[in-house]
Amino acid sequence: YCGMVAIVGRPNVGKSTLLNKILGQKVSITSKKPQTTRHRIMGIHTDGPKQVVFIDTPGLHIEERRAINRLMNRAASSSLADAALVVFVVDGMSWTADDEMVLKKLHHNDDGRKIVLAINKVDNIKDKESLFPYLELMATKFPFDDILPISATQGTNIQRILELSLNAL
Ligand code: GDP
Ligand code: MG
């Protein structure tokens, strides 16, 4: 059996890096320049009889004033509708208006699917206790099914994301 996992988040939080790490190969372009990925990129992870299709879903943060943006947003939202699990990636160092926008879209699309918050780039945070206030803030924003500190570059907790993804099928 198979299912889809949508990786969402504003530009530059590490969605493409996470997808690459999960799949163990470079299928998605990562860049310091925000918004390099404007289309959806997917990769398939196979585990015995189970197959998970991961979709790197950019564009959910975009304001819908312009027609082209509404179109991109609709493409992103349609992956959400089909997802068994949503991985909402944020940067452990900052919470911005764009993150808030993505979260609002997740609310809108909510129909009972699980949403996991992945707080990325924790390798940048030397004093791990400084993450606690951020974690508390996140818990007040949405009843996430799980909150995981991760490092897409170092591979921290990536296995856990894979497990949650397989379990969501
Ligand atoms: P996307 O726009 O969300 O797809 O973000 P990218 O995957 O392109 O990553 C944006 C930048 O953040 C790149 O320079 C990555 O190398 C960097 N980055 C991604 N994940 C991590 C991480 O876990 N730790 C650190 N330190 N940098 C990361
Ligand atoms: Mg990307």
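Each value in this text was obtained by applying a stated rule to the coordinates, not by laboratory testing. It should be emphasised that the depicted structure is a prediction, and the values quoted were computed from it without experimental measurement. A quick note on method: Cβ atoms are made from the backbone with ideal geometry, for glycine too, and the neighbour counts reach across all protein chains shown.
For the pairs Lys105/Lys128; Lys50/Lys105; Lys15/Lys105; Lys50/Lys114; Lys50/Lys121; Lys21/Lys104, flag any whose C-alpha to C-alpha distance is greater than 21 Å.
On the way: Lys105/Lys128 30 Å; Lys50/Lys105 29 Å; Lys15/Lys105 17 Å; Lys50/Lys114 18 Å; Lys50/Lys121 29 Å; Lys21/Lys104 27 Å.
Over 21 Å apart, Cα to Cα: Lys105/Lys128; Lys50/Lys105; Lys50/Lys121; Lys21/Lys104.
Under 5 Å from the amide H of Ile7 lie the amide H atoms of Ile55, Asp56, Thr57, Val87, each residue being 5 or more positions distant or on a separate chain, with H modelled from the backbone and absent for Pro and chain starts.
With neighbours defined as other Cβ atoms within 10 Å of a residue's Cβ, the residues Asp91, Asp56, Asp146, Asp111 order from fewest to most as Asp111, Asp146, Asp91, Asp56. Between amide H atoms placed 1.01 Å from N, distances below 5 Å from Asn12 occur with Gln35, all of them 5 or more places distant or on a separate chain. Sorting His45, His107, His61 from the fewest to the most surrounding beta carbons within 10 angstrom yields His107, His45, His61. Please list log₁₀ I(q)/I(0) at q = 0.15, 0.17 Å⁻¹ for the chain, using the Debye equation with identical point scatterers on the alpha-carbon positions. Result of the Debye calculation: -0.78, -1.02.
Once you have a ≥ b ≥ c as the square roots of the Cα gyration tensor eigenvalues for region 100-169, tell me rounded if a/c is under 1.5, and otherwise prolate or oblate according to whether a/b is larger than b/c. Taking the square roots of the gyration eigenvalues as a ≥ b ≥ c, region 100-169 is oblate.
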